[in-house]
Amino acid sequence: MKTKLLLLTFLMSSILSIQHTQAQTVLLPGDIAIIWYQADTPDSFAFATFVDLDAGTEIIFTDCGAVPAGTFDPAGCGEGAIVYTVPASGLLAGEIVTYDDSLPGVDFVDFAGDAVITGTTGMALSTGGDHITVLQGTPSSPNFIFMLSGSSTTFSGDDSVSTTETNLFTGLIDTGLPRTAVAVGSGPAPSQEWDNAVYTGGYTFATVADAKIAVTDPANFVGVNAITDAPYNGLVAGMPEKFTILALSVDEFDLGNSIFISPNPSNGIVTIKNSGIALETAVLTDINGRTIQSFNLNGVTQDKELDLSAVVSSGLYFVTISSETASTVKKIIIQ
């Protein structure tokens, strides 16, 4: 199996949140998806990105589950987390990144002392969890991106009761297609789990939208309780380095050079200057990666005015603008 290995970032034990020191790709729910998890030793998983990821972008992966309220257990889930930092080369939409706990030199982020993620040795899928949640921001102020659960075919468990149960985190959807939360356990009751599960569908798609539908369909996953299972091993070994998305190969462009924001600096009223690209969303974030406001652009191909004056104070912000196949981050100064 060819893989891109997950690079993990050290944090000093006194640092309890991820510090954003450079512009990062701010992800929306469903921008990446988990396509494989292996709770049996060695712990492993793989994710695919559906948007371009800028170098330095940080993404948290945790086996902490949700309580019925759709949040972390306020007392701390007792499990851990790791952080992936996008390498200097960046990642393109469609690329697949694999984490393998058996590789030498792999170390975990330590969130010791944080009220939400309390594990000190990273994730431990083989001893608890049976689910992976993806988020950005900080553990105490999370922006949930995706979750995959092998602990049930429903999100009806309570992580404060059992580390092998989870409910649905706030903002994620486990119905319809595509979805942002996928449950692939062996049955509908909490803790009816598969120890391991992997995507079984194809890797070539006409569009990003088609890829999202396929990899978030629970019917396209197979679960096993032994990694010696031959069909399972074949699926894992056959996982490529990236999806082939035909729309990207025939419609390649640099979104960042196709649009810009004016005026900048601004008093809060800005215009996205567009050269004919169908734009889907714009997300305003602060320098700590917190989402301030989201705009649905509905495929607009003309200039689009945004009113930011009611939701921000003076300072530096980032606007992540996305089409169906790409995204770009623009810095903006509000006076």
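The values are calculated or read from the model by the stated rules, or taken from the named source; none is laboratory data. The shown structure was predicted, so the numbers you read here are calculated from the model rather than taken from an experiment. Glycine gets a Cβ as well: all are built from the backbone with ideal geometry, and neighbour counts include every protein chain shown.
Points worth noting:
- Verdict on Leu279 being within 25 Å of the chain's Cα centre (by Cα), of a type in the set (A, V, I, L, M, F, W, C) and more than 22 Å from Ala55 (Cα to Cα): yes
- Those residues of the stretch 209-224 which are touching a residue at least 40 places away in the same chain (Cβ under 8 Å) and surrounded by fewer than 21 Cβ atoms within 10 Å (Cβ to Cβ), in sequence order: Ala209, Lys212, Asp217, Pro218, Gly223
- Within the stretch 54-72, being farther than 26 Å from Thr328 by Cβ and assigned to a loop (DSSP other than H, G, I, E, B) holds for Asp63, Cys64, Gly65, Ala66, Val67, Pro68, Ala69, Gly70, Thr71, Phe72.
- Total residues in the stretch 23-53, condition more than 14 Å from the chain's Cα centre (by Cα) and part of a loop (DSSP other than H, G, I, E, B): 6
- Residues of the stretch 301-320 classified as modelled with pLDDT of 90 or more and of a type in the set (A, V, I, L, M), total: 1
- Every residue from the stretch 90-110 that is at pLDDT below 80 and either crowded, with 20+ Cβ neighbours inside 10 Å or within 21 Å of Ala33 (Cβ to Cβ) (or both): Asp100, Asp101, Phe108, Val109, Asp110
- Answer from Ala326, Ala310, Ala278, Ala282 - the residue that is exposed (fewer than 12 other Cβ atoms within 10 Å of the Cβ) and touching a residue at least 40 places away in the same chain (Cβ under 8 Å): Ala310
- Looking across the stretch 141-167, just one residue is at pLDDT below 90 and aliphatic (A, V, I, L, M), and that is Val161.
- The lone exception for Ile334 - which of (1) touching a Gly at 6+ places or on another chain (Cβ under 7 Å); (2) of a type outside the set (Lys, Arg); (3) buried (at least 16 other Cβ atoms within 10 Å of the Cβ); (4) closer than 25 Å to Glu95 by Cα it fails: (4)
- Matching residues, the stretch 1-57, being among the charged types (D, E, K, R) and either at pLDDT below 85 or under 29 Å from Leu235 (Cβ atoms) (or both): Lys2, Lys4, Asp31, Asp40, Asp43, Asp52
- Boolean, Ala39 is farther than 28 Å from Thr281 by Cα and crowded, with 23+ Cβ neighbours inside 10 Å: yes
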